[in-house]
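The values are calculated or read from the model by the stated rules, or taken from the named source; none is laboratory data. Because the structure is a prediction, the values reported are computed rather than measured. Here the Cβ positions follow ideal geometry from the backbone for every residue, glycine too, while neighbour counts run over all protein chains shown. Each accessible area value is taken on the protein alone, full model and side chains, heavy atoms only, with ligands, DNA and RNA left out. Shrake-Rupley method; radii C 1.70, N 1.55, O 1.52, S 1.80 Å.
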Amino acid sequence: MERNLQTLKRSLLIAVICFSFALPFFAQTPSVVRNIRLPLWAELDAYPGLKLSDGERDSTADSDADIEDEGQFDFPVSQMRKIAPFIINGMVYGWNFVYVPYDKARGVEEYLEITEIVPADVIRGGIHYTSPWIENNNLNCWVEYTRTDSQVQSYNLWASIQNPVIAGIGYASVEKGFEGIEEAARESLKAAIRNHYRKTIKNKPKEITGSVLIRKFPTLGIDSGRYVINLDFFLECGRILEYSVY
């Protein structure tokens, strides 16, 4: 019994840490509307203190590993609980945004604020971390979420209305760790909004508001010490506030 508990514990830890080190390259699949299933990888060398013996590697098996085991992994566990719901919530419910374009003449810096349309706590309990395995010195696992019927209807509504599709690439230093992943996602949205409205608005506005839903699985990797994330969104236009004319 004790040996079985130890094996289960190792499997739980592997699935937890898989997401925490780094996000993988995500591939779009036809199941994105109902089933969100993201393959995740992380280098074993990312945390030199964590090493598995040959016996431990052989003993790891498929496991649905919702986070229960913490202890010395409190930090990666807490970060995973922030990052996974952040991305998946953007795919299921989307984000509201307030965007202020850069305006050199007026001394205005570019600014983006995003808020959740629906709190991420609504989907947090439905996220599962499954099937951990080790290959080429990488920890791998799957992050899965199944949309409810109402969430599927919401996605189809976003897709059926004449909402433009916008896309952008965002960057952030890997030295920022887990916060860098979220920053790169925000920068991707900022670039998508900027690129879209530059083509549709003649005069630079004071402020733009709206909502977005992540349209398909993100593509994210690491290049030259930076996280690089590519996201595309359905855009629901809100208000465009012009500068007053004096």
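I'd like to check something: does region 64-85 contain any residue that is in a helix (DSSP H, G or I), out of contact with any Phe, Trp or Tyr (no Cβ under 8 Å at 6 or more places or on another chain), within 23 Å of residue 211 (Cα to Cα) and at pLDDT 70 or above?
Taking region 64-85 and keeping what is in a helix (DSSP H, G or I), we get 71-85.
When the remaining residues are screened for being out of contact with any Phe, Trp or Tyr (no Cβ under 8 Å at 6 or more places or on another chain), the result is 71-75, 77-78, 81, 85.
Those left that are additionally within 23 Å of residue 211 (Cα to Cα): 85.
Now restrict to residues that are at pLDDT 70 or above: 85.
Yes.
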Look at region 92-107 and say how many of its residues are modelled with pLDDT under 95, hydrophobic (A, V, I, L, M, F, W, C) and open to solvent by less than 40 Å² (accessible area, probe 1.4 Å).
0
What number of residues in region 162-182 are of a type outside the set (D, E, K, R), in a helix (DSSP H, G or I) and in contact with a Gly (Cβ under 9 Å, 6 or more places away or on another chain)?
1
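For residue 144, are the conditions met, namely being open to solvent by 30 Å² or more (accessible area, probe 1.4 Å), over 19 Å from residue 98 (Cβ atoms), of a type in the set (D, E, K, R) and part of a strand (DSSP E or B)? Write out each step before concluding.
Values: open to solvent by 30 Å² or more (accessible area, probe 1.4 Å): yes; over 19 Å from residue 98 (Cβ atoms): yes; of a type in the set (D, E, K, R): yes; part of a strand (DSSP E or B): yes.
So residue 144 passes the test.
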Unique residue being modelled with pLDDT under 95, among the β-branched types (Val, Ile, Thr) and within 19 Å of the chain's Cα centre (by Cα) when the list is 127, 166, 134:
127
The condition from (1) open to solvent by 10 Å² or more (accessible area, probe 1.4 Å); (2) in contact (Cβ under 8 Å) with a residue 60 or more places away in the chain; (3) closer than 27 Å to residue 98 by Cβ that residue 196 misses is numbered (2)
For residues in region 109-121 being exposed (fewer than 15 other Cβ atoms within 10 Å of the Cβ) and assigned to a strand (DSSP E or B), which is farthest from the chain's Cα centre (by Cα)?
111
Does residue 155 meet the test of being open to solvent by less than 40 Å² (accessible area, probe 1.4 Å) and out of contact with any helix residue (DSSP H, G or I) (no Cβ under 7 Å at 6 or more places or on another chain)?
yes
